[in-house]
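**Student:** First the structure, which I've put down as structure tokens, then a few questions once you've had a look.
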Amino acid sequence: MDALRLHLRAELRNQWRSLIATVLLIGLIGGVVIAAVAGARRTDTAFDRLLDDTDAWDVLINPNEGIATGIDLETVQSLAVVERAYAGYGMAVFLLDDDGDADFDEVPLSVAGGSDDARVAFGRPHVLEGRLLDNRVVEEVMVSESIAQARDVDVGDTLPVAVFRLAELEAFEEAGGDGEPPLDHLDLTVTGIFVEPDELLTDDLFSSDSLILSRAFADERSDDRFFVGYLAQLADGPDAFGDLQAQLAAASPDGLIEIRQMAVVADTVARGVRPHVFVLVALAAIVGLAGTVISVQAVTRQLEPLRRDAPGLRAVGIGRGQLVVAGFGRVVGVAAAGGVVAALVAVAASPVFPIGVARKAEVSPGIDVDVVSVGGGVVVLVASTVVLSWLGVRRVASPDARRTRRERPSLLPRISTGPVSSSGLRLAFGPATESTGRPAIGGLALAFATLAATVTFGSSLSSFIATPAEWGWTWDALVGLNNEPAPGEIAPIVDRFAAEPNFDAVGEVIVDQASIAGLRVPSIGIDQRRSTVDLPVPRGRAPRADDEVALGGRTLAALDVGIGDTVAVGPDGESFTVVGQAVFPGIGTYSGSDRTGLGTGALFTIAGLRNTGEGFAFPSIIVDAADPVALAEGIESATGGARNDDLGDYEVFD
């Protein structure tokens, strides 16, 4: 035993550099794998942890009548399904441009709390910097991240704004709108920069620019409130949504009420996060496989001196069991040290995660110690290294039992023409030995395969994102008619667009909600006015008759129907035939509504949706043009270059 101990000490003095290199190699590879697994878990759970941290609302209730609605806070709180709720009031607040004038083109969504706990108790925003505002202070404001970035605003800065005096606005407009509009200029102090949980993924038609104002602000300017919304938590959670609809309908039978569900938002975010989780898991699996091959080879080579000297050690009385123990101890020591390094690498890499949209949702950014991933990963790393190195440990104890294939006669020298070609052929086609590096070649092959797969996936994803038609936005521009003209008033406007020679195709669009087999579905109605501009329909076809509908893939699955089936639509349960599966962009009635998405939505003709929808039917016009110049000239010509009486207020999204 003394001889073996002396031999091992001598080896340690001679091999300490290679041992350290092996430990670092195992630690680096293991650390990357563990970090990827921990990052996948952190990315996957970020939004759920955000909802817990902000005590998120279940539903956002938006009466369409604005401040004149018959649904007040007491009514909402009295509903049997509602556990708690508070009100938020929309205020006409404008940011100032470089000249100090109110910017009427970029208007943030400005909401002031209607109670002391509004936006500071449940349903809080996710504060990225700073703190929540004090509802007792008129001059405090929180700004969304988009405003902070666009306006270069930091916590503690003064934000100058202008607020409409709504009581005087009607008289101002009746007088012709000449002179200074009835605005008050205020200086607000920024206490925090935030992002709303339901705005982590923004749709094309909805801006994330928003301000949160205090209850004191809402009380002081109570005459300037122009809409109200209610954030509510339900006693039975999202499962009570159907009961909520019924109770709201009973409380306000004649009013239109739009609802946004946090469960729908969570599902949308989960689909946005899923590709990132998949990439991290795939990275961990492939790097782990390739790294295991390389690491085991490196560990096995550390046993080579002991295997080489085994005959001499056995000659001085060292038994086979002692050699096995010595080899096994070396493997365990190297693996354990590598595990420690891997844990340190994984923890050090944790600030990189989460990735994608989940990064903004992370409530505790920075260093994170995922005990399950790190602890479990170290155990698996050490165990797999030891188990897979067992063959090398056994060979240490029986070095003479193996007859290398190298001893067999080879035909290579006979077919070669010299020592150089003979060596090349032997390395390429010769039998495996411990020094040929076949495991290393296999590991490198897997690494290159991982790189190729990652590049291919990233390229495909980038191409998908850069091609709007792939995710439903098949038109060049959408002109939203903000004044909500009546159906009879829309036709002349659409006719003007259809007659515009710069446009290749023109369609009329309405957006609404429809009940399909009891499921409330964000819906779009499209009528072609010139040529064809429509949603992508990869299966079946778009609706042509007023009793036909095309559904998103997820909506088809939720309803358990297929193309050719019939579904009951609307309050009267009218029978519609499913004629296709459509792809939808993110469109809704307004910001506080459930919206269509890639696999979610229903496509009707306009008449079909008007007959069965809830009654929102917000109108828009979609157009195609040959190039950006023709598009700009066509919109300029069709709109008259400015907001005008017959077209009303409009917005262009391209």
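The values are calculated or read from the model by the stated rules, or taken from the named source; none is laboratory data. On a predicted model such as this, the values are computed, not experimentally measured, just so you know. For accessibility, only protein heavy atoms count, side chains too; no ligands or nucleic acids. Shrake-Rupley method; radii C 1.70, N 1.55, O 1.52, S 1.80 Å.
**Student:** 5 Å is the cut-off here: which amide hydrogens, built 1.01 Å from N in the peptide plane, fall below it relative to ALA477, excluding neighbours closer than 5 in sequence?
**Tutor:** Here the answer is VAL623, since their amide H atoms fall under 5 Å of that of ALA477.
**Student:** Please report the base-10 log of the normalised intensity I(q)/I(0) for the range 475-591, using a Debye sum with one equal scatterer per alpha carbon and no solvent, at each q in 0.09 (1/Å).
**Tutor:** -0.27
**Student:** Using modelled backbone amide H atoms (1.01 Å from N, in-plane), which distant-in-sequence or interchain residues come within less than 5 Å of THR189's amide H?
**Tutor:** GLU140, VAL141, LEU159
**Student:** Please list, in order along the range 287-299, the HN-Hα scalar couplings obtained from phi with the Karplus expression 6.51 cos²θ - 1.76 cosθ + 1.60 (θ = phi - 60°), rounded to whole Hz, x for Gly and Pro.
**Tutor:** Listing the rounded values in order: 5, x, 5, 5, x, 5, 4, 5, 5, 5, 4, 5, 5 Hz.
**Student:** Would you mind checking which residues have amide H under 5 Å from PHE194's amide H? H placed 1.01 Å from N; only 5 or more apart, or other chain.
**Tutor:** Excluding prolines and chain starts, which carry no amide H, the hits are LEU128, VAL143, SER144, GLU145.
**Student:** Residues of the range 480-608: accessible area per residue at 1.4 Å, in Å²?
**Tutor:** Values: 4710 Å² over 129 residues.
Ligands and nucleic acids excluded, the figure is 36 Å² per residue.
**Student:** In whole percent, what relative contact order does the range 549-610 give with Cα contacts below 8 Å and a gap of six or more residues? Don't skip to the answer; put the middle values down first.
**Tutor:** Details: 100 pairs, mean separation 24.7, N = 62.
Over the range 549-610, the number comes to 40 percent.
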